[in-house]
4 protein chains.
Amino acid sequence: MTVAARLAAHPAPAPHADLLAAAVEAALDCSQACTACADACLSEADVEDMRRCVSTDLTCADVCAATARVLSRQSAPLEDVARALLVACVAACSACGDECAQHAGHHEHCRLCAEACRRCADACRALLEVLA
Amino acid sequence: MTVAARLAAHPAPAPHADLLAAAVEAALDCSQACTACADACLSEADVEDMRRCVSTDLTCADVCAATARVLSRQSAPLEDVARALLVACVAACSACGDECAQHAGHHEHCRLCAEACRRCADACRALLEVLA
Amino acid sequence: MTVAARLAAHPAPAPHADLLAAAVEAALDCSQACTACADACLSEADVEDMRRCVSTDLTCADVCAATARVLSRQSAPLEDVARALLVACVAACSACGDECAQHAGHHEHCRLCAEACRRCADACRALLEVLA
Amino acid sequence: MTVAARLAAHPAPAPHADLLAAAVEAALDCSQACTACADACLSEADVEDMRRCVSTDLTCADVCAATARVLSRQSAPLEDVARALLVACVAACSACGDECAQHAGHHEHCRLCAEACRRCADACRALLEVLA
């Protein structure tokens, strides 16, 4: 709602503004989920088994944060950059979502992070379809 | 709500989790508002008058993004880092909110950004009070 | 040199460490060049003609920063994420380098930024070749 | 050298450009050192003992990256934001440098990271002195 209103306030809004806003919101949210999950994993008793989860969380957080920023810009959009970044974001969210899903039964932060990853991957895929 | 749930899922949650979650959410939101506002300003007919706004937007976006990340981590918290970063965030949001408020009458993205800056400054101040 | 030494100190370094280190260094450097160029463009007398340059600078800075971070991680590498991010980085650096090159004759910061973009695009392409 | 040349190419360069450029370079470099160190720590056999190091690395990387970006902007500088961010950066680099120094004997990436933290803390302190 808020992100959509901000993008609509641009003097020359991009087409597919609703899909764009949904992807920005999901990517921002996923970036936070991944940052918090990596941090929580570090404090778990089974940290040795959570190494891969921390690592995928950190990469997913970085890719999602960059995606949210780039998609927030509608002046002089670089469509090929946006597309490749969305592909990277879908790949990161899929890998991180799969990894977190394996720990979702015993770590609530992993369950919440897997959910955020799925939502972000879906939002990015929906945007990719209209950009392709 | 979601950020709060994620922070609460940490094996050893920080005190003042509600204020922490509010600051994280407000900082993430403000970072997006500032990124979108800088981009919209660049496309305005009066871009010459919006230079300072673009610049404060960009700095505020960077400080807010870093604040949201650092505050999302509850393992081995560095309280003096958090405090100084919150001071930087309040200063950035105040400067950016003041600048955007001057253009709020003719640029809706500036009005929305000024609002996000005020909310973020308030959330960071509330957290600073309990950390001090 | 320093980045290469850091990547080599990982307990299980990735193959192609030299190409990896070169891409990380070039991406970090390009991110700074783009941030400084966007800021300098904003203060130029001909800011109206520099809008597109500011915008491509900002997007290129974000993509390069994310690329430098993701490529700095060798634990549990996500090759498809790295590849898509490198494609995004080459596209961003090419677009930004082309844009800056058009202003290189009258703005030294654009000339320096175009150079950094070319170097980063080259380093990312070289890494992509061995990852593909 | 390169960062200094870029900052000097701004139409209205800030005073203390040499100290500014040194801080930007040191912060960028430290951000990479911390990102690589966190990642290497995650793959060490003694990961249980490296949790605090990973956590301080991640926070230091974020603060250094934001500091490098904000200090790269000389248009409409916000001095109180820069000062608070430099204070945060000195605090993060001191904490992370101290933590890494404890592992420098058995982990080369920690030794290299502690060095980068010290250099960044020094460069930020030198800049703070002239800004105060």
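The values are calculated or read from the model by the stated rules, or taken from the named source; none is laboratory data. Predicted, not measured: the structure shown is a model, and the values here were computed from it. Don't worry about glycine lacking a Cβ; one is built from the backbone with ideal geometry, like all the others, and counts go over all protein chains shown. Protein only, heavy atoms only, side chains kept; ligands, DNA and RNA dropped before computing areas. Shrake-Rupley method; radii C 1.70, N 1.55, O 1.52, S 1.80 Å.
Just to verify a number: FRET efficiency for D:ASP98 and B:VAL130, C-beta to C-beta distance, R0 = 25 Å, to 0.05?
0.45
Take D:HIS106 and D:ALA12, extend 7 Å from each Cα along the Cα→Cβ direction, and tell me the distance between the two endpoints in nm.
5.6
Taking every pair of Cα atoms in segment A:1-88, average 1/r, invert it to obtain the Kirkwood radius, and report Rg/Rh to two decimals.
So for segment A:1-88, dividing Rg by the Kirkwood Rh gives 1.11.
What whole-number value in Å² describes the accessible area per residue of segment C:30-92 for a 1.4 Å probe?
Dividing the accessible area of segment C:30-92 by its residue count gives 21 Å².
Pop out the ³J(HN,Hα) list for segment A:6-11 in order, Karplus 6.51 cos²θ - 1.76 cosθ + 1.60 with θ = phi - 60°, rounded to Hz; leave Gly and Pro as x.
Listing the rounded values in order: 5, 5, 5, 7, 5, x Hz.
To the nearest 100 Å², how much accessible surface do chains D and B hide from each other in total, with a 1.4 Å probe? Could you put the intermediate results ahead of the total?
Numbers: alone 7050 and 7040 Å², together 12130 Å².
What D and B bury together is about 2000 Å².
Quick one: with label points 7 Å out along Cα→Cβ, list the inter-copy distances for B:ASP122 in nm, shortest first?
Ordered by increasing distance: 3.2, 4.6, 5.3 nm.
Spelling out what I want: for every residue of segment B:105-114, take phi, set θ = phi - 60°, compute 6.51 cos²θ - 1.76 cosθ + 1.60 (Karplus), and round to whole Hz; glycine and proline get x.
Coupling constants for segment B:105-114: x, 10, 10, 4, 5, 6, 5, 5, 6, 4 Hz.
Can you send over the carbon and sulfur percentage of the accessible area for the protein assembly as shown, probe radius 1.4 Å, protein chains only? Walk me through the numbers on the way to the answer.
Numbers: 9680 of 17320 Å².
Taking all protein chains in place, the protein assembly as shown shows 56 percent carbon and sulfur surface.
At 7 angstrom along the Cα-to-beta-carbon line, where would the label on A:PRO15 sit relative to the other copies? Give the distances in nm, shortest first.
Nearest first, the other copies' label points are 4.3, 5.3, 5.6 nm away.
Rounding to the nearest 20 debye, state how big the charge dipole of chain C is about its Cα centre with +1 on each Lys and Arg Cβ and -1 on each Asp and Glu Cβ.
Details: 10 positive and 18 negative charges, 106 e Å.
Dipole size: approximately 500 debye.
Just to be sure I understand the interface: list residues from segment C:5-21 that lose 40 Å² or more of accessible area between the chain on its own and the complete protein assembly, 1.4 Å probe.
Flagged in segment C:5-21: C:ARG6, C:ALA9, C:PRO11.
Normalised radius of gyration for segment C:55-108, please: alpha carbon Rg relative to 2.2 N^0.38 Å, two decimal places.
Details: Rg = 13.4 Å, N = 54, 2.2 N^0.38 = 10.0 Å.
Dividing the Cα Rg of segment C:55-108 by 2.2 N^0.38 Å gives 1.34.
Please list 3J(HN,Hα) in residue order for segment A:82-99, calculated via the Karplus relation 6.51 cos²θ - 1.76 cosθ + 1.60 where θ = phi - 60°; whole Hz, with x for glycine and proline.
Each residue's phi maps through the Karplus curve to give 4, 4, 5, 5, 5, 4, 4, 5, 4, 5, 5, 5, 5, 5, 6, x, 5, 4 Hz.
Which distances, shortest first and in nm, link C:ASP98 to the matching position in the other copies, using label points set 7 Å out along Cα to C-beta?
Computed spacing set for this position: 3.5, 4.2, 5.2 nm.
Can you name the residue in chain A whose Cβ lies closest to the A-to-B rotation axis, and give that gap in whole Å?
Minimum Cβ distance to the axis, with residue: A:LEU28, 3.
Quick one: net charge of A:THR35's neighbours, Cβ under 14 Å, K/R +1, D/E -1?
After counting each charged neighbour, the total is -3.
Which value results when the Cα radius of gyration for the protein assembly as shown is divided by 2.2 N^0.38 Å?
0.86
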